[in-house]
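Enquirer: I'd like to ask some things about the structure below.
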Ligand SMILES: [Zn+2]
């Protein structure tokens, strides 16, 4: 999967992951809460994974 943009507010509920094409089509706005989508970078995964 090639995920590039997420909405951090809805990702827990709706799994708001978007590929670049989708993000562009949505004008970089979340369809659920209308907030700005943010680039999905590896440190987000690392942060969520390493909670010790
Ligand atoms: Zn959202």
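The values are calculated or read from the model by the stated rules, or taken from the named source; none is laboratory data. No experiment lies behind these values; they were computed from the predicted model shown. Neighbour counts are summed over all protein chains in view; Cβ atoms, including those assigned to glycine, are modelled from backbone coordinates with ideal geometry.
Enquirer: Can you find a residue in the range 14-28 that is touching a helix residue (DSSP H, G or I) at 6+ places or on another chain (Cβ under 8 Å) and at pLDDT 95 or above? Reasoning before the result, please.
Expert: As a first pass, look at the range 14-28 and keep what is touching a helix residue (DSSP H, G or I) at 6+ places or on another chain (Cβ under 8 Å): 17.
The next check asks that each one be at pLDDT 95 or above; those that pass are none.
Within the range 14-28, not a single residue is touching a helix residue (DSSP H, G or I) at 6+ places or on another chain (Cβ under 8 Å) and at pLDDT 95 or above.
Enquirer: Oh, and also: Which residues, taken from the range 1-12, are in a loop (DSSP other than H, G, I, E, B), at pLDDT 90 or above and more than 8 Å from the chain's Cα centre (by Cα)?
Expert: Once the filter is applied, which keeps residues that are in a loop (DSSP other than H, G, I, E, B), at pLDDT 90 or above and more than 8 Å from the chain's Cα centre (by Cα), the range 1-12 yields 9, 10.
Enquirer: Also: For residues in the range 13-36 being within 10 Å of the ligand (Cβ to nearest atom) and in a helix (DSSP H, G or I), which is surrounded by the fewest Cβ atoms within 10 Å (Cβ to Cβ)?
Expert: Of all residues in the range 13-36, those within 10 Å of the ligand (Cβ to nearest atom) come to 13-14, 16, 29-36.
From what's left, in a helix (DSSP H, G or I): 13-14.
Values: 13: 10, 14: 13.
Step by step, filter the range 13-36, then rank; the result is 13.
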